[in-house]
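Step one of this worksheet: look at the structure below.
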Amino acid sequence: MTNPSAPGSVGLVTPELLSFDTPLTLASGRTLAHYQLMVETYGSLNASKSNAVLICHALSGNHHAAGYHQETDRKPGWWDAYIGPGKAIDTNRFFVVSLNNLGGCDGSTGPTSLNPQTGHPWGASFSTLRVRDWVHSQARLADRLGIEQWAAVIGGSLGGMQAMRWALEYPTRVRNSIVIASALKLSAQNIAFNETARQAIANDPNFHNGDYLRHNTYPKQGLAVARMIGHITYLSDYVMGQKFGRELKSGSFTQGMEELVEFQVQSYLRYQGDTFSEKFDANTYMLMTRALDYFDLAREYNDDPVAAFEQSQCNFFVSAFSTDWRFPIERSREIVDALIAARRPVAYTEIDSPYGHDAFLLPNEDYQESFTRFMNTIEI
């Protein structure tokens with residue numbers, strides 16, 4: 001039940017839409033003359049502006065990381081378990097900044113925004129984006145807030161990639177980089193999952209090569225299937241088995257019965273796909289998954305992650321989860337090994353959890369303890 005006044009909650013929060021008029025040159029070579037970022041903040045910025053923490057969201061995340069927008073909200077923000085008074089990211093100590101990334105569909109400039117040159121939604125003509133584009137826009141956000149240096153940049157999954165990129169692009173502007181359930185680059189299998197999801201969207205007859213809004217339609221079915229594909233990879237086999245097993249939603253295996261058998265897991269996946277497709281933009285999904293595919297921290301350093309991390313100056317905290325097969329423990333160990341070889345300070349923890357990749361979003365006592373312990377070492 002919603003309770004914004006409960007201990008540990010940041011309470012009711014109000015997002016703010018910030019406009020930026022200084023042109024932003026993207027990795028694609030294109031320039032955004034004007035853009036907007038939807039932002040939420042929790043806690044208070046101290047006098048020296050040394051206690052600011054940036055939260056970088058993953059593929060389907062947004063600016064609403066903690067608290068509630070209104071009393072009637074059924075659920076709090078997506079990382080409410082770890083942001084708030086007395087939690088790992090303690091808003092009694094830190095000023096927390098969370099944004100919807102450029103290209104998103106929750107208020108920030110993206111494919112659903114109007115292209116000022118045409119008066120129509122950008123749609124498929126919106127530029128491809130790289131993780132570094134998000135980092136550069138976030139640096140502009142820091143400038144707007146008067147924050148010269150983040151106490152920490154924190155993210156899980158795609159958010160962890162942003163936290164690492166921050167350490168390389170702006171080494172003097174971040175004191176701690178917190179990388180959770182992430183990787184130096186995607187595996188071929190991960191790229192394949194993303195491409196399969198994109199093909200599901202692209203082959204929906206309502207996609208219209210990404211210009212569906214001009215046709216007053218929407219590739220709902222394709223996006224729903226894409227989400228189903230992704231959702232399967234975020235969960236572990238254990239969770240799927242415990243939650244559903246081979247339980248039936250309807251039908252029977254009795255001989256002679258003509259009713260079609262439907263498993264509980266089928267119904268669950270369709271519900272997840274349908275719900276997601278009602279609130280997320282298909283072009284944004286395409287854009288975000290491509291940014292995941294393109295990310296390679298060491299590409300500009302002769303494919304040497306050690307040389308890449310030698311550009312950094314901050315402390316690192318890396319965390320991985322035992323049943324995460326989308327970003328398995330081995331990928332986090334690669335990050336840690338490269339940091340050690342680059343002689344950078346790093347704390348590392350492997351968390352036993354049955355919940356797969358989604359574990360970084362969920363309450364876990366060991367995760368909370370190690371995360372909190374590291375955050376408590378940050379001087380502000």
Taking other Cβ within 10 Å of each residue's Cβ, how do HIS357, HIS120, HIS57, HIS136 sort, fewest first?
HIS120, HIS136, HIS357, HIS57
Give the longest segment of the chain that steers clear of GluC sites (Glu not before Pro) in DSSP loops with at most 14 neighbouring Cβ atoms within 10 Å, not counting the sites themselves.
279-378
For the chain, list the DSSP H helices whose alpha carbon atoms reach 15 Å or more along the long axis and whose average Kyte-Doolittle value is 0.0 or above?
158-169, 220-234, 329-341
Percent antiparallel among DSSP beta bridges confined to the chain, nearest 5, equals 35 percent
For ASP21, ASP366, ascending order of other Cβ atoms within 10 Å (fewest first) is ASP21, ASP366
Kindly provide the helix-only [θ] at 222 nm of the chain, computed as the sum of -39,500 (n - 2.57) over DSSP H runs of four or more divided by all residues, to the nearest 500 deg cm²/dmol?
-10000 deg cm²/dmol
The rounded separation in angstrom of the Cα centers of segment 77-99 and segment 302-337 is 24 Å
Sorted from fewest to most neighbouring beta carbons within 10 Å, what does the list TRP325, TRP122, TRP134 look like?
TRP325, TRP122, TRP134
Which pairs in the list LYS185/LYS243; LYS75/LYS243; LYS243/LYS279; LYS49/LYS87 are over 27 Å apart, alpha-carbon to alpha-carbon?
LYS185/LYS243
If I compute mean projected area of the Cα convex hull in nm² from the structure I just sent, which labelled value in [x] 21.4; [y] 20.4; [z] 17.8 lines up?
[y]
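Values quoted throughout were computed directly from the atomic coordinates according to the rules given, and no laboratory measurement underlies them. Given the structure is predicted, the values throughout are model-derived calculations rather than measurements. With ideal geometry, Cβ positions are generated from the backbone for all residues, glycine too; neighbour counts draw on all protein chains shown.
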